[in-house]
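Undergrad: Have a look at this one.
None of the figures in this text is laboratory data; all of them are computed from the coordinates on show. If you're wondering where the values come from, they're calculated on a predicted model, not measured in any experiment. Because the Cβ atoms are built from the backbone with ideal geometry, glycine has one as well, and the counts that use them run over all protein chains shown.
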Ligand code: 13P
């Protein structure tokens, strides 16, 4: 299974900026071999990214989606709208959506199910806040988030899932998790999935680490036995920096 390095641009880049970035990144795609590379732009730039990446191996992801196929949900985006642009992955339950937009486990569970139902691969994000960590609640929080999101997982559709461990305190702070903390969380996620969903789901499950990943530290996370990729915010915004990250990741293959 390939490592998966995903750029989560959050609320950055216009369609024009996206086109420039993608044109630049795909010039180096030969040097990405063995690493699955994924760009998750804002919805308004999906069309530009889709056109720019059309003949490349770089894949397209979305940052969120609604669980309904269509309907009266002003401002929301449904899976068929993403599929039209060749979107393959969708980030679900990112901490900024949980904590800033009030998304709860029930909504996240519906989104995971809707993604799988539509043959989109979910990148489910889990992770504790700084306060929860200080209170020794990290494991409990991750297990609760997994149970909430994956409660009625359809095991027939649950292949190729990605779970990203993103401790909230590490996101955008410049303070990445320690290797031990990242590995412990990944082992917990893998064990939870094995106990609840069995070998088949775990065989194709990839666990990413996210939170202040940069060229200088990506290798140490990817060298961990249970981590198979990274979900990157800030360091994915410049084409050169993102290319360097992917090339650094490749050395871990
Ligand atoms: P940073 O890489 O900027 O810390 O963001 C991580 C993140 O939230 C990716 O989803």
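Undergrad: What shape does region 81-229 take by its C-alpha gyration tensor, where a ≥ b ≥ c are the square roots of the eigenvalues and a/c under 1.5 counts as rounded, a/b above b/c as prolate, and the rest as oblate?
TA: Verdict is rounded for region 81-229.
Undergrad: Quick one: divide the alpha-carbon radius of gyration of region 161-231 by 2.2 N^0.38 Å and tell me what you get.
TA: In units of the 2.2 N^0.38 Å rule of thumb, it is 1.08.
Undergrad: Once you have all Cα-Cα distances for the chain, histogram them in 10 Å bins from zero and send the whole-percent values.
TA: 8, 34, 39, 19, 1
Undergrad: Please report, to one decimal in angstroms, the Kirkwood hydrodynamic radius of region 1-41 built from all distinct Cα-Cα pairs.
TA: Value: 11.2 Å, from the Cα pair sum.
Undergrad: I've got another one for you. To make sure I understand, if each residue's beta carbon is the centre and we count other beta carbons within 10 Å, what order do 99, 94, 66 fall in, fewest to most?
TA: 99, 66, 94
Undergrad: By counting other Cβ atoms within 10 Å of each Cβ, how are 89, 165, 192 ranked from fewest to most?
TA: 192, 89, 165
Undergrad: Using Cβ counts within 10 Å as a stand-in for footprinting exposure, how do 241, 226, 178 rank, fewest first?
TA: Ascending Cβ contact count within 10 Å gives the list 178, 241, 226.
Undergrad: Something else now. Could you work out the pair-distance distribution P(r) of region 1-134 from its alpha-carbon pairs, with 10 angstrom bin width and percents rounded to whole numbers?
TA: 12, 41, 33, 13, 1
Undergrad: So what is the calculated 222 nm ellipticity per residue for the chain, using -39500 (n - 2.57) for each DSSP H run with n of 4 or more, over all residues, to the nearest 500 deg cm²/dmol?
TA: Rounded to the nearest 500, the figure is -11500 deg cm²/dmol.
Undergrad: Another one. For residue 55 and residue 137, what is the calculated FRET efficiency with R₀ set at 41 Å and r taken between the beta-carbons, to the nearest 0.05?
TA: After rounding, the FRET efficiency stands at 0.30.
Undergrad: Using the alpha-carbon centroid of each, what span in Å lies between region 40-58 and region 155-217?
TA: The distance from the Cα centre of region 40-58 to that of region 155-217 comes to 25 Å.
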